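The values are calculated or read from the model by the stated rules, or taken from the named source; none is laboratory data. Not measured: the values here are computed from a predicted model. Cβ sites come from the backbone with ideal geometry, for glycine too, and all protein chains shown count toward neighbours.
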Amino acid sequence: MSAIISILSFVFGTIIGSFLNVVILRYHTGLSVWGGGLAPYPSGARGAGSFCFSCGHKLSACDLVPVFSFLFLGGRCRYCKSKISWQYPIVEILTGLVFLSVVLKFSNLLLFPYIIYSVFYILAFCFLIFISVYDFHHKIIPERPVWIFVILALLGSLFLQVYGANEAISYQLRALLAGPLMAAPFFILWAVSRGRWMGLGDAKLALGLGFLLGSSGAITALFLSFILGALVSVFLLIFRGRRFTMKSEIPFGPFLVVASFLVFIFNLNLPNLWLVA
């Protein structure tokens, strides 16, 4: 893999991450992603592509360079000196790492099928970044994006055979069953608790992740997501006891997404590990 391709993949990913930040912050606010939204812009900045949410000043191109602008400005707006959320560089870096990881996974980019695989999984994980960050902020998984992701993942499970997987009917059936298999525990928790323990959005997200990962990957991601959630919860209880209690609400979507990404990139397979053991 050429170092230049790797660098370009990461850089382009940070640019897309910057766009994802705009979508995340403007989704369901009445503000258009492209400018000129339905709701009034702050300080008369209507139609501005990007602006400071504190002072409303239109941002110039040098204020919008992914990661570097945040570091150069010291995490503050150039015009009103208000703090800029750490979400901006974090999402940009994470998206850059997603682009880089997927490109490295499908390193034979000169072969046409691998280009298709790379584009598909990059697109899928961009949706997942948007969904997980939105869930982290608002404690709800956005309806339309998660269904778009489910449809995208379903189509991928039917038509993309990664690394020459066979096209037998048994394989297609397992791919179709992987979504409901991963969604079932979340749906049961939602139904039994009537939405108190788990939201229905988590079941929808798990449905798409099952289609994306396949049956063995879905089982592994499900197991890993609960481990990650438990570890983070224990950490918060120990170190942030006053601000975080057993009754505090934690969005589970980000844990599902992180676990699924790790399973996909590192080819983690819990059933195989059990057989080896």
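What the table shows:
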{"read-out": "Selection status of residue 65, outside any helix (DSSP H, G or I) and at pLDDT 85 or above", "value": "yes"}
{"read-out": "Condition met for residue 170 (in a helix (DSSP H, G or I), of a type in the set (Ser, Thr, Tyr) and modelled with pLDDT under 90)", "value": "yes"}
{"read-out": "Cβ pairs under 7 Å, 6+ apart, first in region 183-208 and farther than 19 Å from residue 147 by Cα, second assigned to a helix (DSSP H, G or I) and of a type in the set (A, V, I, L, M, F, W, C)", "value": "197/189"}
{"read-out": "Among residues of region 207-239, those that are more than 14 Å from residue 263 (Cα to Cα) and buried (at least 24 other Cβ atoms within 10 Å of the Cβ), counted", "value": "2"}
{"read-out": "Residue match in region 233-253 (condition: assigned to a helix (DSSP H, G or I), modelled with pLDDT of 90 or more and either in contact with a helix residue (DSSP H, G or I) (Cβ under 9 Å, 6 or more places away or on another chain) or among the acidic types (Asp, Glu) (or both))", "value": "yes"}
